[in-house]
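For reference, the structure is listed below as structure tokens.
The values are calculated or read from the model by the stated rules, or taken from the named source; none is laboratory data. Keep in mind that this is a model prediction, so the values were computed, not measured. Remember, those area values only see protein heavy atoms, side chains included, never the ligands or the DNA or RNA. Shrake-Rupley method; radii C 1.70, N 1.55, O 1.52, S 1.80 Å.
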Amino acid sequence: MKSEKIVIKAESLFSDDGEHRYNLRKEWDKSLPTATVISISPSGLSNVSADLTTQLITNNIEALGFGSFELLNLYSKVGVDVKKIKDPVGLWDETTDACIKASCDKTFKDEGGKIIFAWGKLAENNKKHAEREKQVLSLLSIYFDKVYCIKDYGIRHFLHPLTPSVRNEWVLESWKDYRGYKSEELKAIDEREKKKLMTNPA
């Protein structure tokens, strides 16, 4: 008989008024690579309790061999059903984007780290959500070499963790393979920015 003990550290960053949760970080093995996961919006639960999305992310991130992850969202306002809102103005602020970029910065510098876009097809049928998606993609374009999205074993791509076909197992697909990439001119700009990033480690 043997006992196995694992300590999971959980930490969240909230706005002073508690209206926004900017990130949730969980770590159980700091010797393993980390992941940044970007989903839709945070629930109102604490570091101990977890909604189904967070549970599924934890399970799949661990199964993929990571030792930690940081969960961020397109919208940081707590406890909002974003899919029912036509105009999401006010559901994020400057700190939302600053935290997203800071997390991707760290993960990009982690040798085995991956950035996972997990908000699914939210933007397909809503112009305002599409504008927010475009804003975040523009913010993160220099990290696209390490960006992935979730697909299943069939023909479905860019899925949210709650999608039934990926709840128990994620297949990670390169974001650049899924969406294509930019003009040669913009790629050259991104390459210069990446070199600057790597020569100024955190």
Taking a cut-off of 17 Å between Cα atoms, list the lysines near Lys176, but don't count ones fewer than 8 places away on the same chain. Lys114, Lys121, Lys134, Lys146, Lys151, Lys187, Lys194
Per DSSP H run of at least 4 residues, take -39500 (n - 2.57); add these up for the chain, divide by its residues and hand me the 222 nm value, nearest 500 deg cm²/dmol. -9500 deg cm²/dmol
Note to self: with every protein chain in place and a 1.4 Å probe, the stretch 122-165 gives an accessible area per residue in Å² of 51 Å²
Which one, (1) 0.96; (2) 1.02; (3) 0.99, gives Rg/Rh (Cα atoms, Kirkwood Rh) as derived from the coordinates shown? (1)
Excluding residues on the same chain fewer than 8 positions from Lys106, give the aspartates and glutamates whose Cα lies under 13 Å from its Cα. Glu70
For Lys5, go through the lysines and keep the ones whose alpha-carbon is under 23 Å away, minus same-chain ones fewer than eight residues off. Lys26, Lys30
Might you tell me the accessible area per residue for the stretch 1-97, computed with a 1.4 Å probe and given in Å²? 57 Å²
According to the square roots a ≥ b ≥ c of the eigenvalues of the Cα gyration tensor, what is the shape class of the stretch 70-159, taking rounded for a/c under 1.5, prolate for a/b larger than b/c otherwise, and oblate for the remainder? oblate
Quick query: amide H of Trp92 versus all other amide H atoms, modeled in the peptide plane; which residues come in under 5 Å with a sequence gap of 5 or more or a different chain? Ser76
Report, for the chain, the % of DSSP beta bridges that are antiparallel, rounded to 5. 55 percent
Ignoring any ligand, DNA or RNA, what whole percent of the accessible area of the chain comes from carbon and sulfur when the probe is 1.4 angstrom? 50 percent
